[in-house]
Every structure is written in structure tokens, then in C-alpha cells.
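**Q** This is the structure, below, for whatever I ask next.
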Amino acid sequence: MYIVLFRTIIIYILIIICLRIMGKRQLGELQPSEFVIAILISNIATISIEDTDIPLLSAIVPIVTLMSSEVLLSAVAMKSNKAQVVISGNPVVIIRNGTIDQARMRELRFSIEDLMSQLRINGIFDIREVGWAIVETNGKLTVYPKYYARPVTAEMLALPAKANENTPPLVVISDGVLMPETLEICGLGQAWLDRVLKENQVTPEKVFLMTCDSSETYYLVKKETDPKWEE
Amino acid sequence: MGRVALAAALLAVMVGMSGWGLHTLENNKDILLSEMEELSVLAEEGDNKKTAEAAAILTADWIERHRTLCRIVRHTQLDQVTLAVARLEKLAEHGDIGELTAEIDRCKILLDDIYDSELPLFRNIV
């Protein structure tokens, strides 16, 4: 049993390392080649963990080879459009200017149910609102609504932008732990933080969550021992 | 770019490791085959005591080499050789020359087969 235990730990660490080397892309939406790699690695890992008759090297070599091939292949695809098309395919437009391309849908074996379901996932319930719909290489549907169905933007309403409007609120204190890099990113100093904490009569250790942005707007939640919310 | 370089380096390491595995297997196979050949000659000369001693040395050597080979070869393949090698000393002691030489030949074929199946040849790949 110890053998299985140690083999599992080794394979687990190896796969974590491989996924880290492959990068975040691998963890999100899977491209066809990445999907194949994920299945292969999981199968090799399972077999080598279960079957102790197989040398561990027989699992390590294919896993590392697959990971390396994937990284190298994606590097090639990044450099060459042709390679990108061969490896991942092309996005396919199935609704163009509001017209459904039935031939393309048949080609992709994309049924009406698939289309309607993907539209609903995109928040569209009336197909007449769709201007363009594109099946991406990872199988997801991207929808560009017609003008009248698009969400209203600040630009459409000609609303004036406030200073630093594009900076999102970032976590500055998480469960009592201060994250000084957030203050740096927001261009705020320790003095500002000390002042805010003083105003709220709290120390960093007693803060459950605090976010702030570069316009000095903040949101503060104290730990549950003092459930009072302050802002 | 660091990721790509690391992947390329790791791929090179894997190629190197595969080469090392094959080289180790070939070395061990050659040494074991020559020891088995010597054992066959001794068996045919009819000196049971010397043959039994040589068989005992071969068995000990195999156990030692098995520890290295089990890192690169499927254990079931090695187990077959172990079963055959384990019989050699007793067969030599009891002077069963026919059975002994047959077992030695079996070991040789098994070792050759293990090595052959690890060669990066088209017939092994497909």
C-alpha cells in the first residue's frame, strides 16, 4: 500500500508541475489539443498509480513528453496562423447579419437545441436579437447582439467618466492579512489605510475583508465577532 | 519564452532518459547473456559442482540487476526471467543437464525478447 501511496503523491506533484508549466490557458476553456492532453494525462496517471507492475518512469516519460509537446505546439501555433488553424481549427460563423447559416450548422453537427441553449447561456432568449453568432474553437458560442438588443453603455448615454473609473476594487485586507501590493497598485499609502482603519475604529487583524480602488473608495467588512458593517 | 525553453529542455531530458533506459537494458542483457553462455558451457562439460556455483552466482547477479531493470521494464516481464533463473542452481546441483540448458535457453530468449521489445523500431511502436 505504501507503494501506491508514494506513487500517487509523486504523480500528483508531477501533474501539478506539468499544469503549472502548461499555464493558466490549460485550466480554463480547453482547445481540442488541450482536451486530448488532459484526457491522456489523466489516463496515464490513473494506470500508473493503480498498476504497480509498471515502472513509474513509464508514466513520468509520457506525461512530461505530452506536457512539453503541448507547450511547444502552442508556441508554434502562436507564431504561425496556419499552425494555429491546423491545431485548433477556425471559429465558425453560424449566424451572420441575423441569418442562420444552416449548412455551417450541419457541418458542425450543431442542432437547433444546441444553438438555443447556447443563446440562453449568453442571456438571449429571442433569436431575432442575434446579429452574429460564432462557434469558437473550444466549442463555446459567442454572440454579438443586434444594435437594439445590446446592453446600454455609459458611452451610449454620454455619461462623463470619473477619474480612475477603470480601476477595479482590489482586496487590501483579507481575513486580517494586509496585502501591501494592493496599496501600491492603487497608488494609496499606508497613511491612507491607517486613517481609514482609525475612522472605522478597527485594526487590520479584525478586518474580514477590505477592498479599495485608486479613487480611495473602499468597502470594509469586520470579522464576525463584531458583525456591524461599515463603509 | 521561459516556459517554452523549459518544455524543450524537459523533452530533451525525456529523450535522454529513454536512451539511458535502453542503454542500461542493453548492458545488463549483454552481461547476463554472457554469464548464461558460460553456464551452458560448464553444464555441457558435466562438472555439476562448478555449474551449481556458477548458477548461484548468476542468480545473485540477476537479483542485483533486477533492482535496476525494474525501473525501466514491466515487472511481469522480469518476473518470468526470475522464475527461470531461480531454478538453475538446483537443476545444476541435481545434474539435470537437459532441463538446465533448456532453462538457460529460456532465460536467454526472455532477455532478448525484453530488449527487443524496448527497441525504438517501427514494429514495436505500431
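**Q** Starting from the Cα-Cα distance between residue B:5 and residue B:71, subtract it from 0.36 nm times their residue separation and give me the gain in nm to one decimal. If you can, show how the numbers build up before the last one.
**A** Numbers: separation 66, 0.36 × 66 = 23.76 nm, distance 2.78 nm.
Gain in length upon complete extension: 21.0 nm.
**Q** Now, a different point. Take each uninterrupted DSSP H stretch in chain A, measure its Cα extent along the helix axis, and return the ones at 24 Å or beyond whose mean Kyte-Doolittle hydropathy is at least 1.0.
**A** Numbers: long enough: A:2-22 (30 Å, 2.43); A:32-50 (27 Å, 1.38); A:57-79 (33 Å, 1.62).
Helices meeting the span and hydropathy rule in chain A are A:2-22, A:32-50, A:57-79.
**Q** Also, quick follow-up: Can you give me the three principal axis dimensions of the protein assembly as shown from its C-alpha atoms, in Å, biggest first?
**A** 106, 63, 34
**Q** List, in the order given, every pair from A:162/A:198; B:29/B:50; B:50/B:108; A:198/A:223; A:82/A:146 whose Cα-Cα distance in the structure shown is over 25 Å.
**A** Numbers: A:162/A:198 27 Å; B:29/B:50 23 Å; B:50/B:108 20 Å; A:198/A:223 16 Å; A:82/A:146 32 Å.
Beyond 25 Å between Cα atoms: A:162/A:198; A:82/A:146.
**Q** Hey, another quick one. Counting only other residues whose beta carbon sits under 13 Å from that of residue A:124, what net charge do I get with K and R as +1, D and E as -1? Don't skip to the answer; put the middle values down first.
**A** Details: positive: A:120, A:128, A:146, A:150; negative: A:126, A:129.
Every neighbour counted, the sum reads +2.
**Q** Where does chain B land on Rg/Rh, using Cα atoms and the Kirkwood Rh?
**A** Values: Rg = 18.2 Å, Rh = 16.0 Å.
The Rg/Rh ratio comes out at 1.14.
**Q** Now for a separate question. Kindly identify residues of the stretch B:1-35 having a loss of at least 30 Å² in accessible area between the isolated chain and the assembly of all protein chains, probe radius 1.4 Å.
**A** B:3, B:4, B:7, B:10, B:11, B:14, B:17
**Q** May I pose another question? Give or take rounding to whole Å, what are the principal axis extents of the alpha carbon atoms in the stretch A:47-102, in descending order?
**A** Rounded to whole Å, the extents work out to 59, 27, 11 Å.
**Q** So what is the calculated 222 nm ellipticity per residue for chain A, using -39500 (n - 2.57) for each DSSP H run with n of 4 or more, over all residues, to the nearest 500 deg cm²/dmol? Please list the in-between numbers first.
**A** Details: 8 runs with 104 residues, N = 231.
Calculated from helices alone, the mean residue ellipticity at 222 nm is -14500 deg cm²/dmol.
**Q** Let me ask you something else. With the dipole of chain B worked out from charges on the C-beta (+1 for Lys and Arg, -1 for Asp and Glu) around the Cα centre, which of B:82, B:31, B:114 lies farthest toward the positive end?
**A** B:114
**Q** Taking 0.36 nm per residue of sequence separation and subtracting the Cα-Cα distance, how much length would be gained by fully extending the chain between residue A:53 and residue A:83, in nm to one decimal? Walk me through the numbers on the way to the answer.
**A** Numbers: separation 30, 0.36 × 30 = 10.80 nm, distance 3.91 nm.
Extra length available between residue A:53 and residue A:83 comes to 6.9 nm.
**Q** Next question. Find out how many positive minus negative residues lie around residue B:65, taking Lys and Arg as positive, Asp and Glu as negative, among other residues whose Cβ is under 12 Å from that of residue B:65. Before the final figure, lay out each step's value.
**A** Values: positive: B:29, B:67, B:71; negative: B:30, B:35, B:61, B:64.
Here the charged neighbours net out to -1.
**Q** Two-decimal Rg/Rh of the stretch A:127-231 from alpha-carbon positions, Kirkwood Rh?
**A** 1.20
**Q** How high is the relative contact order of the stretch A:115-231, in percent, counting Cα pairs under 8 Å that sit 6 or more residues apart? Kindly include the intermediate steps, with their values, before the conclusion.
**A** Working: 145 pairs, mean separation 20.9, N = 117.
With pairs under 8 Å counted, the relative contact order is 18 percent.
**Q** Add +1 for every Lys or Arg and -1 for every Asp or Glu among the other residues with Cβ under 12 Å from the Cβ of residue B:4, and state the total. All intermediate terms of the calculation are to be shown ahead of the outcome.
**A** Working: positive: A:79, B:3; negative: A:70.
It works out to a net charge of +1.
**Q** Another question about this same structure. On the protein heavy atoms, probe 1.4 angstrom, tell me the percent of accessible surface of the stretch A:1-109 carried by carbon and sulfur.
**A** On the way: 4370 of 6730 Å².
Reported share for carbon and sulfur atoms: 65 percent.
**Q** Mind checking the angle between helix B:75-93 and chain B's longest principal axis? C-alpha axes, 0 to 90 degrees, to the nearest 10.
**A** 20 degrees
The values are calculated or read from the model by the stated rules, or taken from the named source; none is laboratory data. Nothing here was measured: the structure is a model prediction, and the numbers come from that model. Don't worry about glycine lacking a Cβ; one is built from the backbone with ideal geometry, like all the others, and counts go over all protein chains shown. For the accessible areas, the whole protein counts, side chains as well, though only heavy atoms, and no ligand, DNA or RNA atoms are used. Shrake-Rupley method; radii C 1.70, N 1.55, O 1.52, S 1.80 Å.
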